Every structure is written in C-alpha cells, then in structure tokens.
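Structure first, then comments.
Each value in this text was obtained by applying a stated rule to the coordinates, not by laboratory testing. Predicted, not measured: the structure shown is a model, and the values here were computed from it. When we count neighbours, we look across all protein chains shown, and the Cβ atoms used for this are built from the backbone with ideal geometry, even at glycine.
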Amino acid sequence: MLKDERKARTRADRFYLTDVRSTGFSLIELMATMAVVTILLATAIPAFSNLMARNELAVATNAARGALMVAREASVMRGQPVSLCAGEPATGCSGDWSSGQWIVFRDANHSGDIDSGETVLEHGRVPGAGRNVSMSGNGPLRSALVYTPLGHAERISGAFGAGRLRVCVARGIAPNARELVISISGRVRMQRVDFKGVCPPL
C-alpha cells in the first residue's frame, strides 16, 4: 500500500513539474521576443512621429486659411474694410506670426490698427504655433492685410495686398511647409514647399 502511494506521488510530482516547465518561457524565447519588439518599435516610432508632424502641419494650415477666409467674408458681408493681422485683442497688431495669434477687426479708416470705435470681430490662435509649428508672413502680413468690401486684399497704403503666409514644421517630412498665397483678388491658394526639415522665415 505504501509503495503504491509513493509511486502515485512520484507520478504526480513528475506531472506537476512537467506542466510547470511547459507553461514558462526559455531565455532564448524571451530574447527572441524582445528582439522582435525592439525592431517593431524602431520602425513604428519614427513613422508615428512623421504622421503626427503631417497632422500638425495640416491642422495649422487649415486654421490659418480659415482666419483669412473669415476676414474676407466679413468685409463682403458688412460692406466695409476688415483687417487681419498677427496679434491679440489686448495689445493689437504685432506683425509677429510666431505665436500663431491673429485678430480680425473692423477697420473703417483703413489704418491697420484697432482704433476707437472699431471692433474685433474674431480672434484665435493657430494650433501648434510657437511649439512644433512655426509661422511667418511677408508683405502686408507683416503689418495688417486689409480686405475691401469687394473682398480684394490691400496693404494699409491702399496698394495691392498680395502676400504669403508660411506654416512650417521643422521635422524630417517632405514637404515640411505650406504657403498660403494671397492674390490681389483676395483669394487664397495653398502650395507645398520643402525646406529639408528646417523652417526659414519669410
């Protein structure tokens, strides 16, 4: 009887040990798994980073284009000059697009400044500007772009207001910048530009 019990116990112990060994990982299996995970991460992280950069660029470009469209539509609907500039309502126009802040305001005297009696119609900020997204403008966008009641773009002086607003990300995507080109008629078209991962100002 005792012999039989011992034999049964030995068989059970063997079964238990075999079962435990079969559910674990060997060192080689673990190292192989870690190698595969490392390779996957090495390829996935840059791809994800580039995807995020492209998304940031698209969102910022659409927001900047939206600000230009708001100003043009407001001038036509109100039948009076409306200006757009870089800046914020509390301090007025700065001409510095680096923060991505913009103001659209009624500009009755065509001065390019928010004067007494003139109201801010819209203001906002381009997402990502000042962090991952850099912005700059040339020509009239260094002061204020004035839209006439016909929707035409002008400088403060009354000269044609054709200009460009550049939105850029300093990442290794190609192309890494978009330029919003404003025509004399006030229409905006977008063009892709590649600066090889850097963002030169306009």
Just need the relative contact order of the stretch 48-193 here, percent rounded to a whole number, with Cα pairs under 8 Å and 6+ apart.
-> 24 percent
Bins of 5 Å, starting at 0 and running to the largest distance - Cα pair percent for the stretch 48-193 | 2, 11, 22, 24, 18, 11, 7, 3, 1, 0
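Using Cα pairs closer than 8 Å and at least 6 residues apart in sequence, work out the relative contact order for the stretch 138-202, in percent. Spell out each step's value before the answer.
Values: 138 pairs, mean separation 18.5, N = 65.
Relative contact order comes out at 28 percent.
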Arranged from highest to lowest average of other beta-carbon atoms within 10 Å per residue, in what order do the peptides 194-202, 125-133 appear?
-> 125-133, 194-202
Using Cα atoms only, what is the angle between the long axis of helix 2-23 and the major principal axis of the chain, expressed in degrees (0 to 90) to the nearest 10?
-> 20 degrees
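What does the charge add up to near Ser134, with Lys and Arg as +1, Asp and Glu as -1, over the other residues with Cβ less than 13 Å from its Cβ? Provide the component values of the computation, followed by the final result.
Numbers: positive: Arg131, Arg166, Arg171, Arg178; negative: Glu56, Asp96, Glu179.
Spelling it out: positives minus negatives among the neighbours equals +1.
What does the charge dipole of the chain about its Cα centre add up to, to the nearest 20 debye, if the Cβ of each Lys and Arg holds +1 and the Cβ of each Asp and Glu holds -1? Could you put the intermediate results ahead of the total?
Numbers: 24 positive and 17 negative charges, 209 e Å.
Using Cβ point charges on Lys, Arg, Asp and Glu, the chain gives about 1000 debye.
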Once fully extended, how much extra length lies between Phe48 and Ala159, figured as 0.36 nm per residue of separation less the alpha-carbon to alpha-carbon distance?
-> 35.4 nm
For the chain, find the longest principal axis of its Cα atoms and tell me its angle to the long axis of helix 27-78, 0 to 90°, nearest 10.
-> 20 degrees
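So what's the back-of-envelope 222 nm ellipticity for the chain, counting only DSSP H runs of four-plus at -39500 (n - 2.57) apiece and dividing by all residues, rounded to 500? Before the final figure, lay out the partial values.
Working: 2 runs with 74 residues, N = 202.
Helices in the chain give a 222 nm mean residue ellipticity of -13500 deg cm²/dmol.
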